[in-house]
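**Student:** Supplied in structure tokens, the structure appears directly below.
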Amino acid sequence: MESEMDFHTARALLEWQVELGADEAIGDAPVDRYALAAKPPKPAAAPAVPVAGPVPPAHAGDPVAEARRAAEGAADLGALKAAMAAYQHCDLKLGARQLVFSDGHPEARVMIVGEAPGRDEDRLGKPFVGRAGQFLDRMLAAIGLDRGSDDPERAVYITNVLPWRPPQNRDPSAEEIAMMLPFVSRHVALVKPRVVVLMGNISCEAALGRKGITRLRGTWTEAYGTPALPMFHPAYLLRQPLAKREAWADLLSLQARLRAPA
Ligand code: URA
């Protein structure tokens, strides 16, 4: 009997093929549809046992209202993580390996809100650990910040708008953002950072209801009830090295803000 391939192996193989350029799913042998039609039809399934009225799925209800209720009920970061893990409305969860909650020091003065986990983050369960994350670490080091520091003055706390990796790293939909937003809001409320950095367009869309990072970046605003700085996403900076000049100006602005009296 053929052994069944597990989900993650099948997905890794599929992703590998997509990276090689395969963009169409076709069989390796022609299918004779006349022969298929000649096969005897399957016996009809047994009639369903009637139930007393429609049974709503376990996660029926307004996804945003339920997220708000679950998030507001979380008294600390552990409870928030558990509430997110128990949340059933976001289908991104079905394709992800694990929930990516946060990294860094929960008492840090700086909280970074990124977009969503990518392949490396999905595998390791921490935000910003792939190429873009390594570049982010270098950006932070340039102004004396370090997500691994025990000192809240130097430390950084990092999370994402979406805790599950979207398939093929596609942009999350407006619905997915809306249903996860109450969790992000609560996350910021529990960490109480002095400033929030909105990393990239999705993070700005979620917090400010606006995209257009080229215009938004570098101008302090307010998000989640906290002073917030929109910045170019490090993945964008890796693709557009000329934009590093603006990113450097934004880092200096962040550093100046942290040096100013609270
Ligand atoms: N990009 C993000 O926005 N977040 C991550 O965690 C990784 C890449």
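**Student:** Given the options Gly125, Gly95, Gly130, name the one that is open to solvent by less than 30 Å² (accessible area, probe 1.4 Å) and without any contact (Cβ under 8 Å) to a residue 24 or more places away in the chain.
**Tutor:** Exactly one residue qualifies, and that residue is Gly130.
**Student:** Further question on the same structure: So, in the range 184-232, of the ones that are open to solvent by 30 Å² or more (accessible area, probe 1.4 Å) and within 13 Å of the ligand (Cβ to nearest atom), which residue ends up farthest from Leu254 (Cα to Cα)?
**Tutor:** Result: Glu205.
**Student:** Of all residues in the range 172-207, how many are under 17 Å from Lys93 (Cβ atoms) and either without any contact (Cβ under 8 Å) to a residue 24 or more places away in the chain or part of a loop (DSSP other than H, G, I, E, B) (or both)?
**Tutor:** The total comes to 2.
**Student:** Could you list, in sequence order, the residues of the range 106-123 that are under 24 Å from Asp151 (Cα atoms) and near the ligand (Cβ under 10 Å from one of its atoms)?
**Tutor:** Once the filter is applied, which keeps residues that are under 24 Å from Asp151 (Cα atoms) and near the ligand (Cβ under 10 Å from one of its atoms), the range 106-123 yields Ile112, Val113, Gly114.
**Student:** Restrict the check to the range 132-140 and report whether at least one residue is within 11 Å of the ligand (Cβ to nearest atom) and within 16 Å of Met84 (Cβ to Cβ).
**Tutor:** So far as the range 132-140 goes, no, none of its residues is within 11 Å of the ligand (Cβ to nearest atom) and within 16 Å of Met84 (Cβ to Cβ).
**Student:** Going through the range 66-105 one residue at a time, which ones are under 14 Å from Val191 (Cβ atoms) and either within 16 Å of the ligand (Cβ to nearest atom) or modelled with pLDDT under 95 (or both)?
**Tutor:** Selection gives Lys81, Phe101, Ser102, Asp103, Gly104.
**Student:** Of all the residues that make up the range 160-178, how many are more than 24 Å from Leu238 (Cβ to Cβ) and either charged (D, E, K, R) or surrounded by 21 or more Cβ atoms within 10 Å (Cβ to Cβ) (or both)?
**Tutor:** Qualifying residue count, the range 160-178: 2.
**Student:** Got a number for residues in the range 237-248 being under 22 Å from Arg154 (Cα atoms) and open to solvent by less than 50 Å² (accessible area, probe 1.4 Å)?
**Tutor:** 1
The values are calculated or read from the model by the stated rules, or taken from the named source; none is laboratory data. The model shown is predicted, which means the values in this text are computed figures rather than measured ones. Quick reminder, even Gly has a Cβ in these numbers, built from the backbone with ideal geometry, and neighbours come from all protein chains shown. Note: accessible area is taken over every heavy atom of the protein model, side chains too, but ligands, DNA and RNA are not part of it. Shrake-Rupley method; radii C 1.70, N 1.55, O 1.52, S 1.80 Å.
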